[in-house]
1. Could you please tell me the mean projected area of the C-alpha convex hull for the chain, averaged over all directions and given in square nanometres to one decimal?
2. With every protein chain present, what is the per residue accessible area of the stretch 94-236 (1.4 Å probe, Å²)?
3. Taking the Cα centre of the chain as origin and charging only Cβ (+1 Lys, Arg; -1 Asp, Glu), how large is the dipole, in debye to the nearest 20?
4. Please report the spacing between the Cα centers of the stretch 114-164 and the stretch 185-200 in Å, no decimals.
5. Spelling out what I want: for every residue of the stretch 95-104, take phi, set θ = phi - 60°, compute 6.51 cos²θ - 1.76 cosθ + 1.60 (Karplus), and round to whole Hz; glycine and proline get x.
6. Restrict the search to the stretch 20-96; then list the trypsin sites (Lys or Arg not before Pro) that DSSP places in a loop and that have at most 10 other Cβ atoms within 10 Å of their Cβ.
7. Order of 152-163, 234-245 by packing, highest average Cβ count within 10 Å first?
8. What are the residues whose amide H is under 5 Å from the amide H of A13, where those residues sit 5 or more places off or on another chain and H is modelled from the backbone?
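The values are calculated or read from the model by the stated rules, or taken from the named source; none is laboratory data. Remember, it's a predicted structure, so these values are computed and weren't measured experimentally. Don't worry about glycine lacking a Cβ; one is built from the backbone with ideal geometry, like all the others, and counts go over all protein chains shown. These area figures cover heavy atoms from the full protein model, side chains too; ligands, DNA and RNA do not enter into them. Shrake-Rupley method; radii C 1.70, N 1.55, O 1.52, S 1.80 Å.
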Amino acid sequence: MNVRIGLDLGSTAIKAVILEDDRTLWRGLRSTTPGQEAVASSLIGEGLKETGLRKDQVSGVVSTGYGKKLFTAAGGSVDEITANAVGAFKLSGGKARVVINIGGQDVKILRLDERGGVVDFKMNDKCAAGTGRFLELAARILDSLISDFDDMAARSTEEVELNSTCAVFAESEIVSLLARGVKREDVIKALYVSIARRVAALVGQVSDVVYLDGGAAVNRGLASALEDELFTDARVLDAPQFTVAYGAALLARG
Ligand code: ADP
């Protein structure tokens, strides 16, 4: 039995994946809070308990993500671009050539070759408007849960434009739309389109299917808005928020 653990210490969430060979036994997630190392250790402890595994049965732990160096108990660390490429390539059955990761505070675009190697990489981490953070801000203003956004957006009946290119201005734009009586459902749909436009501008031209991961990819409505903007199919990878942790686990030595 070859048990490996991947830990992704992201800006918004800490994700852990436990693998037996290449098969996922367990996934877990906690919010990123100060004292990340303790949070990560307790997350792994929870995973071991739930899978009935002992520490000495784990052959490797690899950390990744912006807080990777904070988890000193890992056997090693790997940069998140490599971990994302490895995880997404494997989960796509070797098909992914363009991977779009929409995380809590940044968007990353990876272009891969036919062996899964990264040939190009772009990131936007300067502006919250095209990231999961924008969804979180909106959830607060709309007094709704992000996990309800898809159902709500599906009930949208009127097209609304969100014109602000900055999350801070968009926040007040949303407030004034609501004050004008625009439905929350229509605002969420507009939000998806607005994020999709910003992501598409970063992606540029694509001729291939794109693969989506990162926490915000959970929102199917966002994936479909992105398809409209990119004029191509967008496939959401399985358990998209965990792709990077999964890739790190695959890179752990067994
Ligand atoms: P990071 O790696 O930067 O910490 P993640 O890839 O974990 O970021 O993504 C975090 C984002 O995922 C949040 O900002 C939020 O927008 C989105 N998200 C988290 N949980 C859900 C959910 N249940 N449904 C939809 N979106 C979610």
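1. Mean projected area of the Cα convex hull: 13.4 nm².
2. On the way: 7070 Å² over 143 residues.
Result: 49 Å² per residue.
3. Numbers: 30 positive and 34 negative charges, 140 e Å.
With only Lys, Arg, Asp and Glu charged at Cβ, the dipole is about 680 debye.
4. 6 Å
5. 8, 5, 10, 10, 10, 10, 9, 9, x, x
6. For trypsin sites (Lys or Arg not before Pro) across the stretch 20-96 that sit outside H, G, I, E and B with at most 10 neighbouring Cβ atoms in 10 Å, the list reads R54.
7. The packing order, highest mean first, is 234-245, 152-163.
8. T32
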